[in-house]
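Notes for the one structure printed next.
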Ligand SMILES: Cc1cc2nc3c(=O)[nH]c(=O)nc-3n(C[C@H](O)[C@H](O)[C@H](O)COP(=O)(O)O)c2cc1C
Ligand code: FES
């Protein structure tokens, strides 16, 4: 599938790490254009584009911006979510590494539109090199008057900081992130109030994902109509960076109009690993329900995947071939959620741990059929009963395992062991 | 870090300076806590002994109990000594599908220590870790701040052997 990349158009052009190179590639024209517009016009353009959040929940970005109270002199904030801890996701890292000014430009336009004068980019602590890349680009932007007291002579002031996390998945959840930014344990807050009213430092705050913000200069530069011409329908618009990993020949990021199919992505990624057959896939990160090979022709957009009982999430596509044990794969994810639950809410803290323990028992062949029903009941009790969506994230894969792949789980019970024992993926020469 | 920089009852001077530079960018001092802990941890050789925690608490005028609460919440803050090279082997799903557990096994066998222990020469310590956001390079590991991807067990051991 041929598609001229938009968000990744500057991949392979390291000159764009500097303001001069980015400008040569057409960068910061959208910011100039935006600064000549009324803030409200920008919000309307983003609304009209249909841009939905790329961080996981798919909330309309323009609508979120419009919730920020207008006219008040109080401080307002933009917090860019670069926590990127959803297993399988690596697009935000690559967006920052390939084109840091694209993100800075998107953040600046957003801040101008909502009246924020401070932007924090909250980046996961492990991303040391990407944080440095971004910090260097920010320093360069300051030198060129693109940030600071008087952005491009418009009178608009903006301070931008990179803020490093310290290794906690829950800090990707927007209110956990705010707690962490404020110097506390990253335990999510009760909503309402929503961050648009009471966010960072109790002030109105927009929280958007890196990729969401990277789309903004293109919407301002090329218009909402152009943006809407890409994608499945008017609820699923624009370009999308898919992260594909697992059993394909060339894992990586692939950018397409939102709504390509898994088959398209596997083809783009060089086919299945060693030519094996597809068994199942996760379309949107560890929190998404696992889909089977029969669902590989679904458009990978927000609504089509939701209708299929899964989600686009962070568009982290994990491909699993015929050698994969889905009980083991789900156990691995449940372990992650049990480790990352912040422990505040009982259904999440207990539910993630019990999911892990029961799955471990089933995988070892020590489980019984009633364990499968127990898992089902636990997921029911975890759904929508906690402060944030981490519990629901664990429910995604676990419930899909016991509903869509029950026969495979039953095989473990009946045979008293895993029917697909581990085998090495490496050639003998690569081992020692 | 040299002993002299670790003077008695406070943060080393450069650490203090680094924290002071950040102050104007945050509306509260509490918000400086994560940056300050990162800075302190770098100065104390990769972990946060009790004296580092008290020093940060004093510098930011926060209760020590509060700082402990934060330190224990985050996986990147350590309360025990770590090796000069901190190795994190990713064992989340995408890496596991491409042999991540075998990489972990090879690292353990080569270093002859368990997770969170430091080799006798103080060079290395390792842990298994959740997805490091580099699944396109699976299986992968992180050593210090650097990512090493597309590993085989043999390649992982070669990288360990090449560390100073
Ligand atoms: C447990 C949990 C983890 C999350 N992790 C991330 C993350 O790493 N990156 C991200 O952008 N959003 C993450 N989110 C979603 C955020 O809460 C929030 O919806 C998002 O940052 C909003 O930005 P967007 O509308 O531009 O997508 C997470 C949500 C939950 C419940
Ligand atoms: S699963 Fe290993 S880097 Fe993502």
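Can you report the principal axis dimensions of the range A:14-228 using only the alpha carbons, biggest first, rounded to whole angstrom?
The Cα atoms of the range A:14-228 stretch 42, 38, 34 Å along their principal axes.
Nearest 10 degrees is fine. How inclined is helix A:326-340 to the longest principal axis of chain A, computing both from alpha carbons?
It is inclined by approximately 50 degrees.
Between residue B:28 and residue B:13, with labels modelled 7 Å along Cα→Cβ, what's the label distance in nm to one decimal, could you check?
3.3 nm
With everything on Cα atoms, drop me the angle between helix A:369-382 and the longest principal axis of chain A, reported from 0 to 90° to the nearest 10.
20 degrees
Which whole number gives the average count of other chain Cβ atoms within 10 Å of the Cβ atoms across peptide A:283-289?
Per-residue shielding by partner chains comes out at 1.
Need one number: nm distance between label points at residue A:410 and residue A:157, each 7 Å from Cα along Cα→Cβ, rounded to one decimal.
In this crude label model, residue A:410 to residue A:157 measures out at 6.9 nm.
Taking the Cα atoms of the range B:85-161, report the difference between the largest and smallest coordinate on each principal axis, in whole Å and largest first.
Largest first, the range B:85-161 extends 33, 21, 17 Å along its Cα principal axes.
Just to confirm the number: angle between the C-alpha axis of helix A:100-114 and the first principal axis of chain A, 0 to 90 degrees, nearest 10?
Approximately 70 degrees, to the nearest 10.
Calculate, axis by axis, the spread of Cα positions in the range A:231-321 along the three principal axes, and write the results as whole Å, longest axis first.
Principal-axis extents of the range A:231-321 (Cα, largest first): 38, 23, 20 Å.
What does the C-alpha gyration tensor say about the overall shape of the range B:3-73? Classify as rounded when a/c is under 1.5, otherwise prolate if a/b is larger than b/c, or oblate.
It comes out oblate by the Cα gyration axes.
With viscosity set to 1.002 mPa s at 20 °C, what whole-number translational diffusion coefficient in µm²/s follows for chain B from Stokes-Einstein and a Kirkwood radius over Cα pairs?
Reported coefficient: 125 µm²/s.
Which distance in Å, rounded to a whole number, links the C-alpha centroids of the range A:45-75 and the range A:300-321?
Between the Cα centres of the range A:45-75 and the range A:300-321 lies a distance of 23 Å.
Using a 10 Å cut-off around each Cβ, can you sort B:16, A:64 from fewest to most neighbouring Cβ atoms?
With the fewest neighbours first, B:16, A:64 line up as B:16, A:64.
Give the Debye-formula value of log10 I(q)/I(0) at each listed q (0.12, 0.16, 0.18, 0.21 Å⁻¹), with one equal scatterer per alpha carbon of the range A:326-415, two decimals each.
At q = 0.12, 0.16, 0.18, 0.21 Å⁻¹ the computed log10 ratios are -0.30, -0.53, -0.66, -0.88.
Which whole number gives the average count of other chain Cβ atoms within 10 Å of the Cβ atoms across peptide A:163-170? Walk me through the numbers before you get to the answer.
On the way: counts 6, 5, 5, 13, 9, 5, 3, 1.
Averaged over the peptide's residues, the number is 6.
I'd like the FRET efficiency for residue B:117 and residue A:29, computed as 1/(1 + (r/R0)^6) with the beta carbon distance as r and R0 of 60 Å, rounded to 0.05.
0.65
I'd like the distance separating the alpha-carbon centroids of the range A:357-432 and the range A:77-108, in whole Å.
Here the answer is 32 Å between Cα centres.
Run the numbers for residue A:403 and residue A:249: contour at 0.36 nm per residue of separation, minus the present Cα-Cα distance, in nm.
52.5 nm
For the range A:156-178 and the range B:10-55, what is the centre-to-centre distance using only Cα atoms, to the nearest Å?
Answer, in whole Å: 18.
Using a 10 Å cut-off on Cβ to Cβ distances, tally the other chain neighbours for every residue of A:117-127 and report the average as a whole number.
Shielding by partners across A:117-127 averages 3.
In vacuo Debye scattering of the range A:58-100, one point per C-alpha: log10 I(q)/I(0) at q = 0.15 Å⁻¹?
The calculated log intensity ratios at q = 0.15 Å⁻¹ are -0.60.
Provide the FRET efficiency to the nearest 0.05 for the residue A:40-residue B:159 pair, computing r from the beta carbons and using R0 = 45 Å.
Approximately 0.25, to the nearest 0.05.
Could you tell me the calculated FRET efficiency between residue A:194 and residue B:72, based on Cβ-Cβ distance and R0 = 35 angstrom, to the nearest 0.05?
It comes out at approximately 0.75.
Let me know the volume per residue of the alpha-carbon convex hull for the protein assembly as shown, in Å³.
149 Å³
FYI, it's all coordinate maths here, none of it is from the lab. Please read all numbers here as calculations on a predicted model, not as lab measurements. Glycine gets a Cβ as well: all are built from the backbone with ideal geometry, and neighbour counts include every protein chain shown.
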